[in-house]
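Chemist: What follows is a single structure, and I will ask about it in a moment.
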Amino acid sequence: MRVLHIITSLDVGGAEGALYRLCMHSGPSNNTIISFGTERDKYYNLLKKNGFEVFAIGNSKISVFKIIHKLSKLIKKTQPT
């Protein structure tokens, strides 16, 4: 089963830490993470170093329509179950 996680940020926080621990127990082949945060977020780098497919699409300079377009393209690309 391939799971897609969509989260607002991968910076320091409770939900982010819980997602990190969940992914670490499941393995990189089962999880893809899309964050509306940046590539500088703490858990973004930790997940990438452990072989997870992680995308950071959020940026305050990008319009909402571009973000939605990027998100829909990534969902189609990852093909979660």
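Chemist: Counting just the residues of the range 11-45 that are open to solvent by 50 Å² or more (accessible area, probe 1.4 Å) and of a type in the set (A, V, I, L, M, F, W, C), which one comes out nearest to L71 (Cα to Cα)?
Modeler: Residue satisfying both the conditions and the ranking: F36.
Chemist: If you scan the range 42-81, which residues turn out to be touching a residue at least 12 places away in the same chain (Cβ under 8 Å) and of a type in the set (S, T, Y)?
Modeler: Correct list: Y43, Y44, T78, T81.
Chemist: Give me the residue from the range 55-74 that is more than 23 Å from K42 (Cα to Cα) and not small (G, A, S) and, out of that set, most open to solvent (accessible area, probe 1.4 Å).
Modeler: Residue satisfying both the conditions and the ranking: F65.
Chemist: Under 6 Å between Cβ atoms, which residue pairs at least 6 apart in sequence (or on different chains) link something in the range 1-19 that is in contact (Cβ under 8 Å) with a residue 40 or more places away in the chain with a partner that is open to solvent by 60 Å² or more (accessible area, probe 1.4 Å)?
Modeler: M1/T81; R2/T81; T8/F36
Chemist: Still on this structure, I have one more. Need the failing condition index for I6 against (1) surrounded by fewer than 14 Cβ atoms within 10 Å (Cβ to Cβ); (2) out of contact with any helix residue (DSSP H, G or I) (no Cβ under 7 Å at 6 or more places or on another chain); (3) among the aliphatic types (A, V, I, L, M), just the number.
Modeler: (1)
The values are calculated or read from the model by the stated rules, or taken from the named source; none is laboratory data. No experiment lies behind these values; they were computed from the predicted model shown. All Cβ positions, glycine included, derive from the backbone under ideal geometry; neighbour counts span all protein chains shown. In case anyone asks, the SASA skips ligands and DNA or RNA and just uses the protein heavy atoms, side chains included. Shrake-Rupley method; radii C 1.70, N 1.55, O 1.52, S 1.80 Å.
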